[in-house]
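A short worksheet on the structure shown next.
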Amino acid sequence: MNGLGSIATLTRAAWLGLALAVAMLGPARASEEHSHEGYYYPKVTSTEVYKSEAAVEAGATRATRLAFIVGYTAQQLSRAYAPRIAMFAKGDDAEKLIIVALDDGVMRTLFRARAVLAQMTAVARSTTMFNDLGVADSYTFFDLAKMLGFTEITVSDGVTYAHQITLK
């Protein structure tokens, strides 16, 4: 057998092994309550419940939540510097919002993560939607997330902690 035949055989064997591993691990991983913990962020170290007066918007769907993430990410990537956080949606209905620091300085502590969330509140309050609803001075980024249909927000430095906020 020449060298190319051996490489092709190894490649097929590697793909078969990967496919078997995914098939065996995939369903068990998906059924776990916190399947994102340990993959996208470290173990959840603290939690809170945010009781919002906002209602989920009638048009809030999985597609709406994903479009929000895509828009936010595109805005970050259009800047002249690298993004400092990654924001993404997970869950069967993209109902879990995850925000993870991409460098060691931005959300090194929960206090810094709260500062990042406060900046997101400032941006949300400047939107036409908040102004039209007359809530620009009272609603927060958490309220916007609930209006979009998110049920949970997890913030993490990506190294030592993860803080989870349940939206009620």
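Any read-out appearing in this document is the output of simple, stated calculations on the displayed coordinates, not a laboratory observation. Quick caveat, the model's predicted, so the values are computed rather than measured. Note that each Cβ is placed from the backbone with ideal geometry, even for glycine, and that neighbours are counted across all protein chains shown.
Here is how the numbers come out for the structure above:
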{"item": "Likely footprinting exposure, L102, L144, fewest C-beta neighbours within 10 Å first", "result": "L102, L144"}
{"item": "Relative exposure of M129, M87, judged by other C-beta atoms within 10 Å (fewest first)", "result": "M129, M87"}
{"item": "Sequence of V70, V100, V155 once ranked by neighbouring C-beta atoms within 10 Å, starting from the fewest", "result": "V70, V100, V155"}
{"item": "Label-point gap, in nm, between A55 and D132 - each point 7 angstrom along Cα→Cβ", "result": "1.6 nm"}
